[in-house]
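> Structure in structure tokens, see below.
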Amino acid sequence: MKFKRTTVAEIAKIAHLSPATVSRTLNHPELVSPTTSALVHSTINLLNSKAEPPIPDASDILQILVNIPDPGNLFYSELLDGILKSADFRGYRVLITRDLLDSPDSVDSIIRQIYLCNIQGMILCTSLSDAGYKKIAAHVPIVQCTEAGTADYSYVGIDNYKAAFSAMEHIYSTGHHKIALLNGSLSFTYARQRQKAYCDFMKQNNLVIPTGYILNFAGIIYEAAYASVSQLLSTASHPDAIFAVSDVFAIAAAKAAAAH
């Protein structure tokens, strides 16, 4: 018989401890007392010895709401995979929303979901207005992921400007100076920072940016990037290198270049 894997939430409920304490015991045992450690491990043994471990009531299930604007995007799908694995290990269930949260109504809709689904925290992959952040943070803790609209809340991501500037330095070092940019919508923080790095690098190295060399797309869409790059490569002043801000754009550019 295949048994359901014991979760942190189940251990915490039976042992009358918080999920954080259970997680700390399992990951950093040196930070808890011997008594707490013994209680957690005895509870685990008890649950594992039962064919059907107790299932917590719906009101006791720990849930996180994750805002993913485009789950079909390879980047977001890998990001979501990491979130799901981490949440599962800690006994959290993950709910996903695709809302862009670009209006007061969409933020209000999220707040309703928070109460209806007993949400304990939210991971945001879309930047909000200041009012939007404050509204959601008044109900649950939030973490910004990849898109940071403010320094007032926790953020996980990279230095987009530095990374893009480094990529431009590499392209330039290979002897290519007619460089085009395939970028996302400037409504996203990463797109604005990477485009600024591109423009700053070109200016610092006295490189001209011809009309049509900066291509911004509303979404990370292969077909749109392929068509635009094909058109650009058909012009007399076509680029000799392309800086693509995503894997999908890079594949589209490579395929279009091969076709030409």
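> Under a 5 Å amide H to amide H cut-off, with H placed in plane at 1.01 Å, what residues pair with I214 once short-range neighbours are removed?
Long-range HN contacts for I214: L181.
> Let me ask something additional. So, for the stretch 146-185, what is the accessible surface per residue at a probe of 1.4 Å, expressed in square angstrom?
Numbers: 2080 Å² over 40 residues.
Per-residue accessible area for the stretch 146-185 comes out at 52 Å².
> How far apart, in nm, are the 7 Å Cα→Cβ label points at T35 and A254?
6.0 nm
> What full-extension length gain, to one decimal in nm, is calculated for A218 and H16 as 0.36 nm per residue of separation minus the Cα-Cα distance? Mind showing how you got there, number by number?
Values: separation 202, 0.36 × 202 = 72.72 nm, distance 4.91 nm.
Residue separation times 0.36 nm, minus the Cα-Cα distance, leaves 67.8 nm.
> Can you list the HN-Hα couplings for the stretch 238-251, worked out from phi with the Karplus curve (6.51, -1.76, 1.60; θ = phi - 60°), rounded to whole Hz and with x for Gly and Pro?
5, x, 9, 7, 9, 9, 9, 7, 9, 4, 4, 5, 5, 5
> Could you calculate the contour length gain from H139 to I111, that is, 0.36 nm times the residue separation minus the distance between their Cα atoms, to one decimal place in nm?
On the way: separation 28, 0.36 × 28 = 10.08 nm, distance 0.76 nm.
Stretched fully, the H139-I111 segment lengthens by 9.3 nm.
> Pop out the carbon and sulfur fraction of the accessible area of the stretch 140-260 as a percent, whole number, probe 1.4 Å. Present the calculation step by step, with values, prior to reporting the outcome.
Values: 3610 of 6300 Å².
Carbon-and-sulfur percentage of accessible area, whole number: 57.
> Based on the Cβ-Cβ distance of N27 and D130, what FRET efficiency does E = 1/(1 + (r/R0)^6) give at R0 = 41 Å, to the nearest 0.05? Write down the numbers at each step before the final one.
Numbers: r = 35 Å, r/R0 = 0.85.
With R0 = 41 Å, the Cβ-Cβ based efficiency is 0.75.
> Right, something else. Using Cα atoms only, what is the angle between the long axis of helix 222-233 and the major principal axis of the chain, expressed in degrees (0 to 90) to the nearest 10?
Taking Cα atoms only, the helix is inclined about 20 degrees.
> Whose amide H sits under 5 Å from the amide H of V66, counting only residues 5 or more places off or on another chain, with H placed in the peptide plane?
Distant-sequence amide H within range of V66: L95, I96, T97, I123.
> Run the quick spin-label model on N45 and K178: label points 7 Å from Cα toward the beta carbon, then report their separation in nm to one decimal.
Modelled inter-label distance: 7.4 nm.
> From the phi angles alone, apply the Karplus equation (6.51, -1.76, 1.60; θ = phi - 60°) to the stretch 129-142 and give each ³J(HN,Hα) in whole Hz, x where the residue is Gly or Pro.
These are the phi-based 3J(HN,Hα) values: 6, 4, 5, x, 4, 5, 5, 6, 5, 6, 10, 9, x, 10 Hz.
> How much length is gained if the chain between D200 and D247 is pulled fully straight, taking 0.36 nm per residue apart and subtracting their Cα-Cα distance, in nm to one decimal?
Working: separation 47, 0.36 × 47 = 16.92 nm, distance 2.27 nm.
Answer, rounded to one decimal: 14.7 nm.
> Based on Cβ point charges of +1 for Lys and Arg and -1 for Asp and Glu, what charge dipole magnitude is obtained for the chain about its Cα centre, in debye rounded to the nearest 20? Kindly include the intermediate steps, with their values, before the conclusion.
Values: 20 positive and 22 negative charges, 66 e Å.
Magnitude of the dipole: close to 320 debye.
> Please work out the ratio of the alpha-carbon Rg of the stretch 114-243 to 2.2 N^0.38 Å and round it to two decimals. Each step should come with its number before you reach the end.
Working: Rg = 18.4 Å, N = 130, 2.2 N^0.38 = 14.0 Å.
So the stretch 114-243 has a normalised radius of gyration of 1.32.
> Additional query: Take the alpha carbon atoms of the stretch 213-231, find their center, do the same for the stretch 144-168, and report the distance between the two centers in whole angstrom.
23 Å
> Okay, next question. Please work out which option in (i) 46, 20, 18; (ii) 26, 23, 18; (iii) 35, 20, 16 gives semi-axes √(5λ) of the Cα gyration tensor in Å calculated from these coordinates, and answer with its label.
(i)
The values are calculated or read from the model by the stated rules, or taken from the named source; none is laboratory data. Since the structure is predicted, the reported quantities are computational estimates derived from the model, not experimental observations. When we count neighbours, we look across all protein chains shown, and the Cβ atoms used for this are built from the backbone with ideal geometry, even at glycine. These accessible areas exclude ligands, DNA and RNA; they are computed on the full protein's heavy atoms, side chains included. Shrake-Rupley method; radii C 1.70, N 1.55, O 1.52, S 1.80 Å.
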